[in-house]
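Trainee: Sending over a structure as structure tokens; questions will come in a sec.
The values are calculated or read from the model by the stated rules, or taken from the named source; none is laboratory data. Since the model is a prediction, treat every value here as computed from it, not as a measurement. Note that we place each Cβ from the backbone using ideal geometry, even for glycine, and neighbour counts take in every protein chain shown.
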Amino acid sequence: MQKWYVMLSKSDCKKIKMVQRSKKVPMEAKKRAQILQDLDETGGRVPESIPVICRKRGVSQNTVIYTRKKFAEDGIEAAIFRKKRAIPPITPKITGDVEAHIIATACSSPPEGFARWTMQMIADKIVLNGVIESISDEAVRLVLKKRNSNPT
């Protein structure tokens, strides 16, 4: 089994203290910072054992091992904080412009021969008008529900 060593420099210790004092840092990051302090071997210090750290910090052994490995391989930032997303989330298909068209259609008078708009009729009308490529009646319902509009 490979052993990853945790030797904190003065700047690392300073960063850990800043993380622990900050009110904007998630508890997960604070626990990882505390784990690194417990694993520190600087100056010949003997680190606490993994089971002791697990009980003391309320985490699993995998968390302690992963934090130590991440620190040894990628540094303190990677060990404490979560990795940023490489791919941004998918942009929503229904934008404010589409919502406006749905609400305007729902508030307009229904087609001839109908007493009121159905969700499917609104979805079909929006697609026919070229506002959006495709939309389900459920998506139309959710937009109207969110805006507290009712086609009846």
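Trainee: So residue 94 ticks every box in (1) more than 30 Å from residue 126 (Cα to Cα); (2) surrounded by 10 or more Cβ atoms within 10 Å (Cβ to Cβ) but one. Which box is left unticked?
Mentor: Result: residue 94 passes all but (1).
Trainee: Still on this structure: Take residue 132 and decide whether it is crowded, with 17+ Cβ neighbours inside 10 Å and not basic (Lys, Arg). If you could, list the steps in order and put the result at the bottom.
Mentor: On the way: crowded, with 17+ Cβ neighbours inside 10 Å: yes; not basic (Lys, Arg): yes.
In short, yes.
Trainee: Please name all residue pairs, on different chains or six or more residues apart, with Cβ atoms under 6 Å, provided the first residue is in the range 112-132 and is in a helix (DSSP H, G or I) and the second residue is of a type in the set (Ser, Thr, Tyr).
Mentor: Taking only residues 6 or more apart or on different chains, the pairs are 122/105; 125/105.
Trainee: Which of the residues spanning the range 1-21 are surrounded by fewer than 13 Cβ atoms within 10 Å (Cβ to Cβ) and among the aromatic types (Phe, Trp, Tyr)? I'd like the intermediate steps shown before the answer.
Mentor: In the first step, residues of the range 1-21 are kept if they are surrounded by fewer than 13 Cβ atoms within 10 Å (Cβ to Cβ); the result is 1-3, 5, 9-11, 14, 17-18, 21.
Selection gives 5 alone.
Trainee: Starting from the range 74-87, take each residue that is on the phi > 0 side of the Ramachandran plot and exposed (fewer than 11 other Cβ atoms within 10 Å of the Cβ) and list its partners that are in a loop (DSSP other than H, G, I, E, B) and at pLDDT 85 or above, counting only C-beta distances under 7 angstrom and pairs at least six apart or across chains.
Mentor: Sorted first by the residue in the range 74-87, then by its partner, the list stays empty.
Trainee: Kindly provide the set of residues from the range 93-120 that are modelled with pLDDT of 90 or more and either basic (Lys, Arg) or in contact with a His (Cβ under 9 Å, 6 or more places away or on another chain) (or both), ordered by number.
Mentor: Correct list: 116 only.
Trainee: Being at pLDDT 90 or above, crowded, with 17+ Cβ neighbours inside 10 Å and over 16 Å from residue 6 (Cα atoms) narrows it down to one residue among 24, 30; which is it?
Mentor: Working: 24 fails: crowded, with 17+ Cβ neighbours inside 10 Å.
Sole residue among the options that is at pLDDT 90 or above, crowded, with 17+ Cβ neighbours inside 10 Å and over 16 Å from residue 6 (Cα atoms): 30.
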